[in-house]
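**Student:** Structure in structure tokens, see below.
The values are calculated or read from the model by the stated rules, or taken from the named source; none is laboratory data. As the structure is a prediction and not an experimental result, all values here were calculated from the model. Cβ placement follows ideal geometry from the backbone for every residue including glycine, while neighbour counts extend to all protein chains displayed.
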Amino acid sequence: MARGYGGVVMKAFGADEHTLTVVSYTDITPHFRRITFHAPTLFDGPPIEPASWVRMWAPDPERAGREHQRGYTLVAPDSDACEVSLEFVLHEPAGPACIWARGVKVGDTVQVSRWSSGQFTAPTPEPDGYLLVGDAAALPGINAILAAVPETTPVEVILERFHDDDLHIPLTAHPRARVTWVPATGDDSVLARAVEDRDWSDWYAWVTAESAATKRVRERLKELGFPKADVKSRAYWIKGKAMGVDRPTESEERPETPKRTGQWRSRAGARLLAPLKSRLILAGVFQAVVSLLQLAPYLILAELCRRLLAGGAVAAGVTELGLLAVVLLGVGTTLAGVLVAAMHVLDAGFGHHVRASVVRKLARVPLGWFTDRTSGKIKQAVQDDAASVHYLVTHAVLDIVAAVVTPLAVLGYLFTVSAGLAAILLVPLAFYGVLTGRMVAASSAALPKFSVWETRVASEAVAYVDGLAVVRAYDAGPAGGFRATLEERARFLDAWQRPLGGRKTVVDLVTRPLTSLLLIIVTGGLMVAGGVLSAADLLPFLLLGVTFGAQLLAAGYGLGSAREALDAAQRIGLLLDEPELPEPDAPRPLPAGEGRPVRFSGVSFGYTPEHEVLSGIDLELRPGTVTALVGPSGAGKSTLAALLARFHDVTAGRITIDGVDLRELPLTDLYRTVGFVFQDVALIRGSVHDNIALARPDATREEVERVARAAQIHDRIIRLPSGYDTMLGDEARLSGGEAQRLTIARALLADPGVLVLDEATAYADPESEHQVQEALSHLVAGRTVLVIAHRLHTVAGADTIVVLDGGRIVQQGAHARLITEPGLYRELWQATSIIEQPKASA
Amino acid sequence: MIFQTLRLAGDRGAAVRYASLLTLSTILRAGAMLSLVPLLSALFSATPADALPWIAVLAALVAAGWASDYAVTGAGFAIGFGLLNNLETQIVDRLQRIPLGWFTSERRTGAQRTLTSSGRELCQGITHLLTPTVNALALPALIGAGLLFVAWPLGLVALAAVPLLLGALWLSGRWLRAADSSYDAASGELAQRVIELAQSQPALRTAGRTGVEGTAIGRALTRQRKAALRLIGLGIPGQLVFGFATQAALLGLAATAVTLGVSGELNAAEVVAVIIVIVRFIEPFTTLADLSPALQNMRGTLARVHAILDAPALDPAQGDEEILPRRDAAALELRDVHFGYEPGHDTIAGVSLTVERGTTTAVVGPSGAGKSTLLALIARFHDVAAGAVHVRGHDVRHYDPAVLMGQLGIVFQDVYLFDASLYDNVRLGNPAATEDEIRAAATAAQLDEIIVRLPNGWETRVGERGTSLSGGERQRVSIARALLKNAPLLLLDEATAALDTNNERAIIGALESTGQDRATLIIAHRLSTIARADQIVFLEAGRVVESGTLPELLALNGRFAGYWRQREQAAGWTLVP
Ligand SMILES: Cc1cc2nc3c(=O)[nH]c(=O)nc-3n(C[C@H](O)[C@H](O)[C@H](O)COP(=O)(O)OP(=O)(O)OC[C@H]3O[C@@H](n4cnc5c(N)ncnc54)[C@H](O)[C@@H]3O)c2cc1C
């Protein structure tokens, strides 16, 4: 069933067609009808994402045998039952689609195609909010989007109401959605005007309304600063002339809106690359010139051949031409070299700037930002992503320009020689287009399956290799199926790739130089034989025209890697956009003095607004005393301790040191005053001395040795190959307990007034537990200490014990008192004491 | 490399078919190219119509070339898919027999990558890389040889150009790779520094040393910048050398052709025809240059595959009869066992000990003494360098690996759980176990409490590597697994990470009580565990320094007694008195 020219093209590219059969329909409002179809073949295609749509062929109500293509959104796909619905606005005046929907009967069929239809794809990174604009026809799509947007992301929905019933069309509930209906007045800018004048930074807009209205909204969003990439717009219908109500759009004065300059995260990569932009363009232009220069020798060769043919072997000027060719070759190659060198210099500077910016960023983000996950991000940014950007600057841009300019220049030139013969060169390209189009259509269904297989095999392979010891010991279990998985995947690849292989070969055969050569010779030969073309004019074709097609295709590959590099730049840009720990506007230094009292007043904190980890904490830490945090895991102990070091800022209440709010304290004062020793130990590559003196680089060797002794690590250090000058990592490795004592020495040297301690009992080596304990005892003496206790009895002597449960303080006091009261503390103590009491020696 | 790949496929017949088709296709291409000489000579002569028969020849050759290339692809796919199946089986087979000690974290990642993608990459490599590469390599030489018949000096120059161009290609590849790897090394090094920097932020911020100027990180950044600039030195010659070489070859050949024309050996039309063939002659080299990064990848893939296929394997000693465990023998006997990860550096230096049936032996000692290595040797994750490990009367090397594994229950420090349900992970211990047995094992290992707490109870998935459970909880799962297996010899590495979990002692008790005949070798850290052992072995620097019962060793007042006292102190320590 080919439908005109468009149909032929679509068919040629492998468009899929599906027959849908009506199973039921309901009128949601008198003007909004939902029709449910049985769709047996639709689910074999690409997965149905939110707001995926189909091109439906609606019969012409007047002329039998004609059909009209109209877009409709797929709703409520059910792959098990093979059912899907479409929702129709029954508008007036009606068109073919809406007339069909009005007269529909169960059992009716309709043809649809998903060819080249889009859908809603959640942008990455997740935007700060979604702005969804449309009308009743857009609601099926908007409803699906509302269901896909995370519950914590705000959504603004602006809808144009053409009919009072429209208000009764149900909307997907979303906790943070705000819906505004604006009545249609006939003016196409009502929607645009309903978009608030405010800072929309990092929002994403989806606009699917009437054509003119969509255009107005798009203009409005542009004014508000929305970058193109963050506006997805598509006209869903066009106001027909029959309505006769459209007024000139400029009739109403639109109020001037001040230019807003918000900032979108999606532009982070572009911002990163902005300083390079002009130079990259310049380099591209230069490369275009070089590419043309590199073509010149071939033209000279053609000219040389021409003269040979004209004047016999001893034609005039052959030597001169040869020399000119040599010179041009040399110049071209040298310039290309210079260009690449210049790009490397440019890149070295830029790469340095990027990495240095990352390093500076690291110094400003809150300490709570650093986790294992962020380590991965940092590594990716400074290593892999920086390398991708490096490739972009040094190669990709130049390659793409060369790959585009060269064949186009060749084609242009050949057209001037003989337009007819040059046109023949386009034949293989046309074939290529059609064949690949079909191939893509044929394999697009398998592509998602392929990536599912890849992830599945990859994760099973990881499990298999990591768990090899277990696999062998038990010789069964989930890993036993790994072989089966591999075999199944091989079968899938075979079934998918083998038929494609034949087609790929055909594509390759069509585009290979030999084929173009044959085309040129056959056509050109006939033209020469027929006297239409002079033999000499065939020369440039034979010299330049043969590889032209293959070159043009190569441009595609260059684009792929440029795309990758832009993604990489985006990731780096995002890292550089991470929010920084705010420096106080009016810093208040700490008053002079020795002891540092700390006070938590009404402190609450949550990583997300919905979920509080700590609530209403009131707590005082007196100078020179030890306060221990105990409680079941997940009670919020670590979070509470981290707040004191300003890993995060509290969401309510305040924390003060010596009466000064942490947030008002200059950051250097904060870090100098609050020290911490945690379980995970970070040593840097450098000497033992440097590691201990990290926080006080000017410390003398005597001072370093003193703290090392106090931390019970001095004896170990002097046994290292070069004592305090031993390079850690290169010359020596320290065991977990040793590294821990080294960090205790570091903390002793830094000598902070307030100390946060994770009294880690999971020592890497129990043998040195005793020494670590001695070191800790030294460290806590005379400071304001907050300790997270793992084993209750180690903190039984603490001045205050704070019992946390579910983010609240449930008990507080000294051990002697708490143990006498019924409560969580006594329960915990009784549970552990059976186990923990050291066993009497036998 | 070509042969290596074909060999992996294993199917000789298919390989021969593929190779002959490929040869045919290359010859057809060369023929098509060479037919251009008479064709163009005629076309450019005074009587262009003479070219028509040659045009027919060219068309026939090109068409035949299409047909043969189509067949080559088919044959390539046949080999490719054969290879895919065959290779993956081979790799999995091999992985089952490689000593676990062989797996460094790097090799682990390599193996995972190999399993995931090598087969597919090599399979595709045959059709998309191998075929065009062979074509491009052979074509110029064939054209050169053909040109000998047109005009021998030209043929000679062409044949001489082949090694020149290949050499230039090789050199440029080498330089570019050297440049890339030095760049990668520099940025890898810098990344390492930056991660360290991130981890040391607290201390660095205290010192106000977070800037880029004059700090260690600043110096690393400068080094990286220099490395990027050094790329120019290697990278640019690498990019240019091949370009210069092709231009030189082109000029040399064109000059030869013109000279031949001047001397009258070729007429003008022939010279022009030859020049056009020469331009085509250069083409395959450009193809090779384009393919070379992909070829490089394929070489890397092959190297990874061979790293696994050529890795050492633990094979049972050859023998006719099957070796079965002896009921009456000691559960475990080590006889003067030596082992080292690096030659000349023994981690285990002559350990002898016996664990009788129904007894428990605790291995105690400072970290680095070789305790975990000892356990790994018993489970035959490595083979001993000298001496022997006997399990139930036979050298472990004489057992069929499956039979040996059947004798052992293993609970090691780094417990590995599969990303499956808790239930499945326990059941792994004995797939034939009944539901009741599985539940009993779980109860004994104190898993009940965890099951109650988890959202889906037994059916909760434990996450990748079991990460949704804590270290202590993971070990309890692994204990339940071992209990279910109920093997005669239990190897146990007491989890230090779990020292503060409350039910640890009860669990160890469970392990010790079930199965009266079972022998246990345990790396012990808790005093209570050590105290209950029938025999204590104090290991230091790969040697047994002291062994005996607790009273004996305390009375000896030697290394163990010192260790014991220190641990007792540690257990009673309080942060503030
Ligand atoms: C990607 C995409 C998805 C779509 N999804 C849906 C969907 O799920 N549900 C849905 O109802 N529509 C949807 N539409 C809109 C639908 O395709 C158009 O409304 C289409 O014009 C209807 O075709 P028709 O044959 O009924 O009217 P046409 O022949 O196109 O037009 C006839 C007359 O009707 C008027 N008209 C057309 N549409 C409307 C309307 N919505 N409101 C008022 N007057 C109108 C026209 O101005 C014209 O005067 C979608 C459009 C696109 C591009």
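**Student:** For the range A:473-577, list the helices (runs of 4 or more DSSP H) that sit wholly inside it and hold at least 1 residues that are within 7 Å of chain B (Cβ to nearest Cβ); which are they?
**Tutor:** The qualifying helices (runs of 4 or more DSSP H) are A:482-511, A:513-529, A:535-540.
**Student:** Check A:T333, A:T394, A:T319 and return the single one that is farther than 30 Å from A:A642 by Cβ, within 7 Å of chain B (Cβ to nearest Cβ) and among the hydroxyl-bearing types (S, T, Y).
**Tutor:** Sole residue among the options that is farther than 30 Å from A:A642 by Cβ, within 7 Å of chain B (Cβ to nearest Cβ) and among the hydroxyl-bearing types (S, T, Y): A:T333.
**Student:** Tell me, please, whether a residue that is at pLDDT 90 or above, surrounded by 20 or more Cβ atoms within 10 Å (Cβ to Cβ) and away from the ligand (no atom under 12 Å from the Cβ) can be found in the range A:5-24.
**Tutor:** Yes, the range A:5-24 contains a residue that is at pLDDT 90 or above, surrounded by 20 or more Cβ atoms within 10 Å (Cβ to Cβ) and away from the ligand (no atom under 12 Å from the Cβ).
**Student:** Could you list all residues from the range B:383-398 that are assigned to a loop (DSSP other than H, G, I, E, B) and either modelled with pLDDT under 85 or touching a Lys or Arg at 6+ places or on another chain (Cβ under 6 Å) (or both)?
**Tutor:** Filtering the range B:383-398 down to residues assigned to a loop (DSSP other than H, G, I, E, B) leaves B:383-385, B:392-393.
B:R392, B:G393, listed by residue number.
**Student:** Looking at A:K259, A:K232, A:K277, which one is modelled with pLDDT of 75 or more, within 38 Å of the chain's Cα centre (by Cα) and either within 14 Å of chain B (Cβ to nearest Cβ) or more than 16 Å from the ligand (Cβ to nearest atom) (or both)? Walk me through how you get there before you give the answer.
**Tutor:** Details: A:K259 fails: modelled with pLDDT of 75 or more; A:K232 fails: either within 14 Å of chain B (Cβ to nearest Cβ) or more than 16 Å from the ligand (Cβ to nearest atom) (or both).
Answer to the check: A:K277.
**Student:** Follow-up question, since we're still on this one. How many residues does the range B:534-577 hold that are polar (S, T, N, Q), more than 27 Å from B:E333 (Cβ to Cβ) and within 12 Å of chain A (Cβ to nearest Cβ)?
**Tutor:** 3
**Student:** I'm trying to understand the selection: among the residues of the range A:86-103, which are of a type in the set (F, W, Y) and near the ligand (Cβ under 6 Å from one of its atoms)?
**Tutor:** Matches in the range A:86-103: A:F88 only.
**Student:** Scan B:A42, B:A56 and give me the residue that is surrounded by fewer than 17 Cβ atoms within 10 Å (Cβ to Cβ) and either at pLDDT 85 or above or within 20 Å of B:T26 (Cα to Cα) (or both).
**Tutor:** Answer to the check: B:A56.
**Student:** Are there strands (runs of 3 or more DSSP E) fully within the range A:604-663 with at least 2 residues that are within 24 Å of A:T153 (Cα to Cα)? List them.
**Tutor:** Answer list for the range A:604-663: A:614-621.
**Student:** Which one is farthest from A:A831 (Cα to Cα), of the residues in the range A:769-788 that are facing chain B (nearest Cβ under 8 Å) and modelled with pLDDT under 90?
**Tutor:** Among those that are facing chain B (nearest Cβ under 8 Å) and modelled with pLDDT under 90, it is A:V780.
**Student:** Ok, one more. Determine, yes or no, whether B:G406 is in contact (Cβ under 8 Å) with a residue 40 or more places away in the chain, more than 8 Å from chain A (Cβ to nearest Cβ) and surrounded by fewer than 18 Cβ atoms within 10 Å (Cβ to Cβ). Quick ask: steps written out before the conclusion?
**Tutor:** Numbers: in contact (Cβ under 8 Å) with a residue 40 or more places away in the chain: yes; more than 8 Å from chain A (Cβ to nearest Cβ): yes; surrounded by fewer than 18 Cβ atoms within 10 Å (Cβ to Cβ): yes.
So B:G406 fits the description; yes.
**Student:** Tell me, which residue of the range B:244-282 that is crowded, with 19+ Cβ neighbours inside 10 Å and either in contact with a strand residue (DSSP E or B) (Cβ under 9 Å, 6 or more places away or on another chain) or free of Cβ contacts under 8 Å to residues at least 24 places away in the same chain (or both) is nearest to B:L137 (Cα to Cα)?
**Tutor:** Once the filter is applied, the top-ranked residue is B:Q247.
**Student:** Moving to a separate point now. When you scan the range A:716-724, do you find a residue that is at pLDDT 90 or above, crowded, with 20+ Cβ neighbours inside 10 Å and within 30 Å of A:E583 (Cβ to Cβ), even just one?
**Tutor:** no
**Student:** Would you check which residues across the range A:422-446 are out of contact with any helix residue (DSSP H, G or I) (no Cβ under 8 Å at 6 or more places or on another chain), in contact (Cβ under 8 Å) with a residue 24 or more places away in the chain and not hydroxyl-bearing (S, T, Y) and list them?
**Tutor:** A:V440, A:A441
**Student:** Another question, if that's okay. Select from the range A:667-682 the residues that are more than 22 Å from A:Q773 (Cα to Cα) and of a type outside the set (D, E) and list them in ascending order.
**Tutor:** Residues satisfying the conditions are A:L667, A:T668, A:L670, A:Y671, A:R672, A:T673.
**Student:** For A:R685, which of the numbered conditions (1) at the interface with chain B (Cβ under 10 Å from one of its Cβ atoms); (2) closer than 12 Å to A:A775 by Cβ; (3) of a type in the set (K, R) fails to hold?
**Tutor:** (2)
**Student:** Further question on the same structure: In the range B:521-577, which residues are under 42 Å from the mean Cα position of the chain (by Cα) and β-branched (V, I, T)?
**Tutor:** If the condition is that a residue be under 42 Å from the mean Cα position of the chain (by Cα) and β-branched (V, I, T), then B:I522, B:I523, B:T529, B:I530, B:I536, B:V537, B:V544, B:V545 are the ones that fit.
**Student:** For the range A:30-81, enumerate the residues that are within 17 Å of A:G141 (Cα to Cα), aliphatic (A, V, I, L, M) and more than 9 Å from the ligand (Cβ to nearest atom).
**Tutor:** Matches in the range A:30-81: A:I35, A:I48, A:A76.
**Student:** For the range A:104-125, name all the residues that are more than 12 Å from the ligand (Cβ to nearest atom) and loosely packed, with under 12 Cβ neighbours inside 10 Å.
**Tutor:** Selection gives A:K105, A:V106, A:G107, A:T109, A:T121.
**Student:** While we're looking at this one, here's another question. Quickly run through the range B:431-448 and pick out the residues that are modelled with pLDDT under 85, crowded, with 18+ Cβ neighbours inside 10 Å and closer than 22 Å to A:A469 by Cα.
**Tutor:** Correct list: B:A445 only.
**Student:** Among the numbered conditions (1) under 39 Å from the mean Cα position of the chain (by Cα); (2) modelled with pLDDT of 90 or more; (3) more than 8 Å from the ligand (Cβ to nearest atom); (4) not hydroxyl-bearing (S, T, Y), tell me where A:P140 comes up short.
**Tutor:** Checking A:P140 against (1) under 39 Å from the mean Cα position of the chain (by Cα); (2) modelled with pLDDT of 90 or more; (3) more than 8 Å from the ligand (Cβ to nearest atom); (4) not hydroxyl-bearing (S, T, Y), the one that fails is (3).
**Student:** Same structure, new question: Restricting to the range A:173-200, count the residues that are buried (at least 17 other Cβ atoms within 10 Å of the Cβ) and either without any contact (Cβ under 8 Å) to a residue 24 or more places away in the chain or part of a loop (DSSP other than H, G, I, E, B) (or both).
**Tutor:** The number of residues fulfilling the criteria is 7.
For every residue, the table says whether it meets (1) out of contact with any Gly (no Cβ under 8 Å at 6 or more places or on another chain); (2) aliphatic (A, V, I, L, M); (3) more than 8 Å from chain A (Cβ to nearest Cβ).
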| position | (1), (2), (3) |
| --- | --- |
| B:A15 | yes, yes, yes |
| B:L21 | yes, yes, yes |
| B:G65 | yes, no, no |
| B:G82 | no, no, yes |
| B:R94 | yes, no, yes |
| B:R97 | yes, no, yes |
| B:F103 | yes, no, no |
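**Student:** Are there any pairs with C-beta distances below 9 angstrom linking a residue in the range A:89-103 that is outside the structural domain of A:F32 (by TED's automatic domain parsing) to a residue that is at pLDDT 90 or above and buried (at least 20 other Cβ atoms within 10 Å of the Cβ), with the two at least 6 apart or on different chains, and if so which?
**Tutor:** none
**Student:** Can we say B:V16 is assigned to a helix (DSSP H, G or I) and closer than 26 Å to B:I278 by Cβ?
**Tutor:** no
**Student:** In addition: Just the residues that are crowded, with 22+ Cβ neighbours inside 10 Å and within 14 Å of the ligand (Cβ to nearest atom), please, taken from the range A:146-172.
**Tutor:** Listed by number, the residues that qualify are A:L159, A:E160.
**Student:** What's the number of the only condition in (1) farther than 18 Å from A:T515 by Cα; (2) surrounded by 15 or more Cβ atoms within 10 Å (Cβ to Cβ) that B:A49 fails to meet?
**Tutor:** Every listed condition holds for B:A49 apart from (2).
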